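Chemist: Once you've had a glance at the structure underneath, I'll fire off some questions.
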Amino acid sequence: MSQEHQFESSLRWRVGPADGPDPHPEMIFAGRPPLPFAPAPAFGGDPTLLNPEELFLAALSSCQFLSTLALARRAGLEILSYEDSARATLGMADRRMRMTLAVLAPVLRVPAGTDLERAREIVEKAHRRCFIANSVSCTVRIEPTIEAIPAPAATDG
């Protein structure tokens, strides 16, 4: 596998009509629908649209998920479900407004009988390998929960 990969996006925004609101900017990714976005509501943005801060957090969360899934598959670990309740803090640090902390709190459900410590180690390893988390300056903390799910009861049929 190549050690370097390229990614592209475009941003599009135009002035709206004089008697109406300005259109929202859009991120453009080749071959996919445009993604409209706005500032966070705290900065006067439209609360129905995604904002850069949420997209930043989504990038961290989705990278952790994909890294975990890839490592689990390689290790033969079955994951039945994965949910993450991620949160990030935007605040002052080094006299600049920036993301200061992101906390990922994935809940993985695995079959009963799975070695839960091994599953936790895979999540931690995925965290260390996550491309996005390795690319940001804020602290990215992982607080996983691993749950074993009993097999469904057999039915007489």
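The values are calculated or read from the model by the stated rules, or taken from the named source; none is laboratory data. Nothing here was measured: the structure is a model prediction, and the numbers come from that model. Reconstructed Cβ throughout: ideal geometry from the backbone, glycine too, with neighbour counts over all protein chains shown.
Chemist: Which condition breaks for Ser10 when tested against (1) at pLDDT 95 or above; (2) of a type in the set (S, T, N, Q); (3) out of contact with any strand residue (DSSP E or B) (no Cβ under 8 Å at 6 or more places or on another chain)?
Modeler: It is condition (3) that Ser10 fails.
Chemist: Evaluate the following for Ala58: is it in a strand (DSSP E or B), farther than 24 Å from Ala151 by Cβ and either aliphatic (A, V, I, L, M) or in contact with an Asp or Glu (Cβ under 7 Å, 6 or more places away or on another chain) (or both)?
Modeler: no
Chemist: If you go through the stretch 126-157, how many residues are of a type outside the set (A, V, I, L, M, F, W, C), within 27 Å of Thr114 (Cα to Cα) and modelled with pLDDT of 95 or more?
Modeler: The number of residues fulfilling the criteria is 8.
Chemist: Now for a different question. Checking the conditions here, which among Val103, Val110 is of a type in the set (A, V, I, L, M, F, W, C) and in contact with a Leu (Cβ under 7 Å, 6 or more places away or on another chain)?
Modeler: Checking each option against the conditions leaves just Val110.
Chemist: Can you name the number of the only condition in (1) of a type in the set (S, T, N, Q); (2) assigned to a strand (DSSP E or B); (3) at pLDDT below 95 that Thr89 fails?
Modeler: (3)
Chemist: How many of the residues in the stretch 26-58 are among the aromatic types (Phe, Trp, Tyr), in contact (Cβ under 8 Å) with a residue 12 or more places away in the chain and over 14 Å from Trp13 (Cβ atoms)?
Modeler: 2
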